[in-house]
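Take a look at the structure below.
The values are calculated or read from the model by the stated rules, or taken from the named source; none is laboratory data. This structure is a prediction, so every number in the text was calculated from the model and none was measured. No Cβ is skipped: glycine too gets one built from the backbone with ideal geometry, and neighbour counts run over all protein chains shown.
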Amino acid sequence: MKRYVIMRVLKAVFTIWAVYTLVFFLTRVTGDPVDWLTMAGASDSAKETLRENLGLDLPLWKQYIKSFIGLFTGDTGESYYYARQVSDLFAERIWPTISLGGIVLFITILIGLPLGVLAAVKHNSLLDRITMSTAVIGSTMPNFVLGILLIFIFALKLRVLPSGSMGTAKNYILPVIALSVGPIASVARLTRSSLLDVIRNEYLDFARAKGIREWKVVIKHGLRNALIPVITILGAQLSSLIGGSVVVETVFAWPGIGTLIVTSAQQRDFPVVVFGVLVIAASVTFVNLLVDLSYGLLDPRIRKS
Amino acid sequence: MMQRNKRRNGRSGIPPMILFLIITFFIIVGAGLLAPVIAPVDLAETDLTKRLIKPSFLDPLSPYLMGTDNLGRDVAVRLLYAIRETVLISFSGMMIATALGTALGIISGLSGGYVDMAISFFTDVRLSVPTTFIGIILACILGAKPTTTVLVITITGWSSFCRLVRSQIIQLKKAAFIEASRSMGAGGLRIVFEHILINIASPLIVQITMELSGFILLESTLSFLGLGIEPPGTSLGVMVSSGRDYMLTHWWLAMIPSVVIVVMILQISLVGDWLRDRLDPKLKNRS
């Protein structure tokens, strides 16, 4: 187990490094940023000064090493457009994104898991059918379509909720709904099918025969064993949640890192894009690492092997 | 249990509901592909005297079935071209991703060792960056073009096919009939084409269908974000994005393309679910 953990952590670190390196070189080989940062017809000397200021006059490999070391010394480079440290830009905008994502994750578990359990326990009942058909529609509805629909109904027609930007708790309602419907649907579907697989097992009958109450049988003996695929999908959902938050942040004019990265990509502000992708890849990899390691906690069979 | 029996009895027939979904899906796709034949117009042409006319389902006197947009262009015609663009991009992305993923999966599964490790490492690297961000990076590097979106679909799509084919091959490698064929002197390529591809065809078809709805979603998301297509070209996401500014007064501009996106994705996923249950009973109840 110890060896497994060490190998798994090493692999995660290596993955993040590979993403960083790949994105760094991909963004640099496609042309000179100075060309689109200066106006057409700028003098060569002006271009040269700018190039020196941005550190683009160094050979590519020196730039790479400099920015790589910078990641550890706290020098994340300057944004071409904002002329500020990239890490400062992110520090300002990370809270809106994290608070939104945290609420969505919480609500996903709070609603998706019980829905799935109910649907599985009442298998083939009306409740099951309704939950599952809603889940199918919920998981096929694109984020941006849902977001626009919510804005149209609640902000433009009924005028009960704000359509965007941060502020009070009310501002959170629509983006949270737009982001969480998909994950809730997937978690509910998967919990249901995973629990249905488990529920047919004999040890549940045995637990029932011992006189344990039905809900306790389902929760303690059933759900615990059904959770592993659900946790896997939660890890995968986080990745699509981060992807989806870019879209939802754009729709609701949310001042988070999603909108920062999209506008930076449109402006070709490479230091911001590279750092943003690094932050996102690191968080996705970290969560997947946690997911993999949590299998051991949930399933003694894996812990021992 | 009952469900299983029902399925076995009705094995040859396609349920009417599924047939309906398939037919309507191909009508939408066909109408989109035939857009230049049905309505040969120049997409860049605008007519500001005819801007924002109501669709005929709201105003019976309107000559336009779906109204006109803010630049006076017929929404119905643009919708056809948008479907065409979305379909062309996501289908070609799907084909390349399937071919690449299958090939790499075969290589990875058959050779094992370092090749296998390298390929699975690349899968990990790719999975650590959410799909939308791969689109953002590539659009930033290569510019917002249809070919960029095809590339994004390829890069994000291959890994799931690769993993599926790889695991199938590792299972198949141990199968007796492959061993028999090899002992009779069949070469690696012959085994791949004669035995392996045929045996992995049905899970692969299921996977293609399941992924296709994701590709359509990805294409519309990227073009919605303005990272897919440059005007005057259009796609379903572009139409939603430009209709957004007129939501309060002209809601149908954003809603019509949104409905088409949702309907297409729903059609594919329902057919995909049915195909999976039918071709691959082992996978039933998963996902």
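Numbers for the structure displayed
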quantity	calculated
Pick from region B:35-72, criterion among the β-branched types (Val, Ile, Thr) and either crowded, with 16+ Cβ neighbours inside 10 Å or touching a residue at least 24 places away in the same chain (Cβ under 8 Å) (or both), ranking: nearest to B:Pro232 (Cα to Cα)	B:Thr46
Subset of region A:1-31 that is within 13 Å of chain B (Cβ to nearest Cβ) and part of a loop (DSSP other than H, G, I, E, B) - its residue that is modelled with the lowest pLDDT	A:Gly31
Where a residue in region A:147-168 is facing another protein chain (nearest Cβ under 8 Å) and its partner, wherever it lies, is of a type in the set (Phe, Trp, Tyr), with Cβ under 9 Å and at least six apart	A:Ile151/A:Phe252; A:Phe152/B:Trp251; A:Leu156/B:Trp251
Test for A:Ile151: is it within 26 Å of the chain's Cα centre (by Cα) and assigned to a helix (DSSP H, G or I)	yes
B:Ile136, sole failed condition from (1) within 14 Å of chain A (Cβ to nearest Cβ); (2) without any contact (Cβ under 8 Å) to a residue 40 or more places away in the chain	(2)
Exclusive hit being within 30 Å of A:Glu78 (Cα to Cα) and aliphatic (A, V, I, L, M), set A:Val230, A:Val274	A:Val274
Verdict on B:Met117 being more than 14 Å from chain A (Cβ to nearest Cβ) and of a type outside the set (S, T, N, Q)	no
In region B:139-171, residue modelled with the highest pLDDT [restricted to those that are surrounded by fewer than 19 Cβ atoms within 10 Å (Cβ to Cβ) and within 11 Å of chain A (Cβ to nearest Cβ)]	B:Leu142
Residue satisfying all of: in region A:250-269; more than 8 Å from chain B (Cβ to nearest Cβ) and either out of contact with any helix residue (DSSP H, G or I) (no Cβ under 7 Å at 6 or more places or on another chain) or of a type in the set (Phe, Trp, Tyr) (or both); nearest to A:Leu56 (Cα to Cα) among these	A:Asp269
Tally of residues being within 11 Å of another protein chain (Cβ to nearest Cβ), within 25 Å of A:Ile153 (Cβ to Cβ) and touching a helix residue (DSSP H, G or I) at 6+ places or on another chain (Cβ under 6 Å) across region B:226-245	6
Counted residues, region A:212-249 - those being within 12 Å of another protein chain (Cβ to nearest Cβ) and among the charged types (D, E, K, R)	1
Criterion: surrounded by 21 or more Cβ atoms within 10 Å (Cβ to Cβ) and among the acidic types (Asp, Glu) - qualifying residue of B:Glu179, B:Glu211	B:Glu211
